[in-house]
Amino acid sequence: MILYSKKIVTEQGIIDGYLVFENDKIVDIVRKDVETLKADMDLGDNIVIPGIFDTHNHGYMGYDPSNVERGVDEVKGYCKALASAGVTSIFPTTDNEEGAFRNVVQAIKEGTDGARILGIHSEGPYLNRVGEKGVDTGHPEIDLKHVQDMIDEGEGYLRLVALAPELEGSKEMIRLLNKNGVRAAFAHSNQTYEEALESFKDGISVITHTANVMAGLHHRNMGGLGAAILNDEVYNELICDGLHVRNEMIDIILRVKRDAFNKVMMISDNVHFGGLKPGRYSAGPFGPVNITEEGFCLTDTGRLAGSAKPVLFGMKNLVKNLHLPLEKVCVIASLNPCKVYGFADRKGSLRVGKDADFVVIDEDFNCLYTFREGRKVYDHDTDTDLANPLAENDRIG
């Protein structure tokens with residue numbers, strides 16, 4: 001199949017030309033000024049970008065991969081819904097307290113129509129941060145047998161576990177994770193700058209939603225955030241919606257972090273009410289949540305409880321408001337997570353020989369079509385109602 005677009009975001013830059021793919025692979029990328037091909041789809045001014053890889057996502061459009069009672073179909077509906085936001089690769093983010101890994105693993109084995117699941121991300125359960133609103137919910141004690149059970153029940157698909165490294169037993173937990181090929185992430189932590197740097201030496205290699213739920217910057221106390229930015233080795237997840245982290249702080253992170261555009265990974269941190277209409281919903285991560293018009297997800301105390309906007313919204317924010325080049329934004333939304341987790345040989349960018357994972361967007365960053373491995377898994381003209389019908393039961397205002 002041959003697609004034509006005036007703007008195809010490739011590894012060599014943005015070109016006016018043709019994307020040629022057969023079966024599941026890209027077989028050619030041709031500049032229009034070199035050769036004119038007969039296109040099967042003429043996309044005109046619409047833009048072709050690499051498929052998004054969201055490594056931190058708790059749900060979307062009413063689908064919750066942690067909802068064990070709804071079974072594997074909940075996970076499959078979630079993956080289909082994600083395709084409407086340009087996501088072609090995903091780490092469902094859940095813990096295994098109710099056995100959620102089982103459904104995710106089953107969905108991987110059976111296959112999904114939408115985003116492909118490349119692994120599992122467990123944010124917790126060993127977290128500690130009180131947070132800016134002072135809501136201390138306590139924390140569980142680290143149980144290494146439980147951690148080993150998580151690894152075993154993930155059946156090789158557990159790729160990332162987030163923890164607060166100040167908790168007793170964290171060093172042993174980090175070693176156990178790394179020994180089994182699982183990255184450990186710094187998350188929901190009260191650690192100081194100096195303590196955080198020591199935890200990185202213990203084997204922490206990823207920063208969970210940088211700046212959120214960690215001790216912030218002060219000119220006499222650099223906090224965990226200062227360590228996350230100034231350490232050159234760790235990789236930084238970053239929510240780029242302009243809501244969880246102000247655009248000025250995003251700008252600081254991207255200027256100060258050494259080699260930032262190879263170290264930052266854009267994430268959504270979507271809760272399962274992301275993508276739904278604004279309103280008040282029951283069954284949020286900390287009880288009822290309020291999805292606001294601008295995209296906040298807040299508890300009744302005002303505490304942030306995840307995001308309601310997808311990565312594609314963050315990409316728009318970086319391009320339109322921070323004036324970053326689209327090709328650089330695509331690197332942090334697609335290629336960098338593929339590099340960190342070992343998929344860059346076949347995913348994350350538009351290059352001959354890689355999987356035909358790509359998204360067609362308009363100038364306002366609306367997703368028009370999503371292709372995963374050469375197959376159209378989202379079409380804005382026909383896939384008009386992907387929300388979980390059960391989610392309406394959760395709407396309470």
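For the residues Phe53, Phe101, the requirement of being within 26 Å of Val264 (Cα to Cα) and aromatic (Phe, Trp, Tyr) singles out Phe53. Looking only at segment 217-252, filter to residues that are without any contact (Cβ under 8 Å) to a residue 60 or more places away in the chain and acidic (Asp, Glu); which one of those is nearest to Lys316 (Cα to Cα)? My answer is Glu248. Does segment 332-343 contain at least one residue that is touching a residue at least 24 places away in the same chain (Cβ under 8 Å), of a type in the set (Ser, Thr, Tyr) and out of contact with any Cys (no Cβ under 7 Å at 6 or more places or on another chain)? The answer is yes; a qualifying residue exists. For the structure I just gave you, tell me whether Phe365 is crowded, with 24+ Cβ neighbours inside 10 Å and outside the structural domain of Met315 (by TED's automatic domain parsing). Considered against the rule, which asks whether it is crowded, with 24+ Cβ neighbours inside 10 Å and outside the structural domain of Met315 (by TED's automatic domain parsing), Phe365 comes out as no.
When segment 346-394 is filtered for residues that are under 18 Å from the mean Cα position of the chain (by Cα), among the aliphatic types (A, V, I, L, M) and part of a loop (DSSP other than H, G, I, E, B), nothing remains.
Of all the listed residues (Glu233, Glu237, Glu198), the sole one being modelled with pLDDT of 95 or more, in the same structural domain as Ile253 (by TED's automatic domain parsing) and within 19 Å of the chain's Cα centre (by Cα) is Glu237. Looking across segment 11-37, the residues that are within 24 Å of Val319 (Cβ to Cβ) and in contact with a Gly (Cβ under 9 Å, 6 or more places away or on another chain) come down to Ile26, Ile29, Arg31, Lys32.
Being at positive phi and in contact with a Gly (Cβ under 9 Å, 6 or more places away or on another chain) is the requirement here; does Gly302 meet it? Answer is no for this residue.
Residues considered: Gly99, Gly71, Gly111. Of these, the only one that is over 21 Å from Ile361 (Cβ atoms), more than 16 Å from the chain's Cα centre (by Cα) and without any contact (Cβ under 8 Å) to a residue 12 or more places away in the chain is Gly111. Ser89 satisfies every condition listed in (1) over 17 Å from the mean Cα position of the chain (by Cα); (2) closer than 17 Å to Lys354 by Cα except (1).
Yes or no: Thr10 touching a strand residue (DSSP E or B) at 6+ places or on another chain (Cβ under 6 Å), outside the structural domain of Phe273 (by TED's automatic domain parsing), among the polar types (S, T, N, Q) and in contact (Cβ under 8 Å) with a residue 24 or more places away in the chain? When the stated conditions are applied, Thr10 passes them.
Checked against (1) assigned to a loop (DSSP other than H, G, I, E, B); (2) loosely packed, with under 15 Cβ neighbours inside 10 Å, Glu248 passes all but condition (1).
The values are calculated or read from the model by the stated rules, or taken from the named source; none is laboratory data. Model, not experiment: these values are computed from the prediction. Because the Cβ atoms are built from the backbone with ideal geometry, glycine has one as well, and the counts that use them run over all protein chains shown.
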